[in-house]
Amino acid sequence: MEMIVAKNYEELSQISAQMIAEFIQKKQDAVLGLATGSTPVGMYKKLIGYHNKEGLDFSKIITFNLDEYVGISPNHPQSYHKFMKETFFSHINISTSNIHIPRGDQPQIEKQCESYEQAIKDAGGIDIQVLGIGSNGHIGFNEPGSSPEEKTRVVQLTESTIQANARFFGDEALVPRLAISMGIKTILESSKKIILLASGEEKANAVQGMIEGEISTQLPASLLQLHKNVIVIADQPAAKNLKMINKSLNSVYV
Ligand SMILES: N[C@@H]1[C@@H](O)[C@H](O)[C@@H](COP(=O)(O)O)O[C@@H]1O
């Protein structure tokens, strides 16, 4: 794993956006894996800036989002469809037919999960997968206990994730209990490069475990140690528990 400790959230957003923008400039039909949550919002804003000010072209870009809640429609204010549209897609020149986000409101979810996997394969895999991290170490909605053998599927959210996401729904009771998520296997096998973003002190334990801990399904992000091309970009509060930057890490302080 490569580790970049950014001074603050602003810098984390700038570094990640720049990496993606530079990649897109070289590969105009890049396939991006995208994440929701508050952490990547700054990165999306910077990418919108590159589009507006420097004409960064998204017209051939293909995207696959990690996850969506089950039981809410794309128009629900807290759906990840809505989030992605409002935060990013409606501000760039991406073609709607190139956007893929699981649907949590349709019957035959299992069939849909299979088609999602197939669509990723048909696109040639994911060039850059952006990930956030939950304070319990989840990635996408792969909660503790998720196996590295799991593909896109319906998952049960843990109590801590429900609580963490209650701020968006206003009331914990309104947070869906189920979600569709790309699996760890999907992420590990289909991503050529992974950029994981972590911001804030509440992520410090998860970040430390992911990088310095044993590989364990109890901390799903630690399974990323099995991937050869992962860059973790953490701000100083999220990186504060790292005991040492060991030799296997190519540490870059900016
Ligand atoms: N499914 C998403 C994850 O993909 C995201 O990484 C996590 C952290 O969110 P935040 O960045 O708001 O802390 O939240 C949700 O659970």
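Structural remarks
- Across the range 90-107, computed HN-Hα scalar couplings (Karplus, 6.51 cos²θ - 1.76 cosθ + 1.60, θ = phi - 60°) run 6, 9, 10, 9, 7, 7, 4, 6, 8, 9, 10, 9, x, 9, x, 10, 10, x Hz from first to last residue, x flagging Gly and Pro.
- Extension gain from Lys26 to Lys240, taking 0.36 nm per residue of separation minus the Cα-Cα distance: 73.6 nm
- Residue by residue, the range 174-188 carries 3J(HN,Hα) couplings of 8, 6, x, 8, 10, 8, 9, 9, 3, x, 4, 4, 4, 5, 5 Hz when phi is fed to the Karplus relation 6.51 cos²θ - 1.76 cosθ + 1.60 (θ = phi - 60°); x denotes Gly or Pro.
- nm² value of the averaged projected area, convex hull over the Cα atoms of the range 110-254: 9.1 nm²
- Extension gain (nm, one decimal) between Ala119 and Lys7, 0.36 nm per residue minus Cα-Cα: 36.6 nm
- Inter-site label distance for Glu54 and Leu174 at 7 Å from Cα along Cβ, in nm: 3.9 nm
- Here the Karplus curve 6.51 cos²θ - 1.76 cosθ + 1.60, taken at θ = phi - 60°, turns the phi angles of the range 140-145 into couplings of x, 10, 7, 7, x, x Hz, with x standing for Gly and Pro.
- Of all DSSP beta bridges confined to the chain, the antiparallel ones make up roughly 25%.
- Scanning residues 5 or more positions from Ser38 or on other chains, none has an amide H under 5 Å from its amide H, with H placed 1.01 Å from N in the peptide plane.
- Interchain or long-range residues, amide H under 5 Å from Ala6's placed H: Ala234, Asp235, Gln236
- Extension gain, Asn93-Gln18: 0.36 nm per intervening residue step, less the Cα-Cα distance, totals 25.2 nm.
- Using the Cβ-Cβ distance between Ser38 and Lys228 with R0 set to 35 Å, the FRET efficiency works out to roughly 0.75.
- Using the Cβ-Cβ distance between Lys192 and Gln163 with R0 set to 25 Å, the FRET efficiency from 1/(1 + (r/R0)^6) comes to roughly 0.15.
- Taking amide H as placed 1.01 Å from N in the peptide plane, the amide H of Leu196 sits under 5 Å from that of Leu131, Ile231, Val232, Ile233, each at least 5 places away or on another chain.
Here, each number is a calculation from the coordinates, and none is a lab measurement. Fair warning: this is a prediction, and the values are worked out from it, not measured in the lab. Cβ coordinates were reconstructed from backbone atoms using ideal geometry, including for glycine residues, and neighbour counts include every protein chain displayed.
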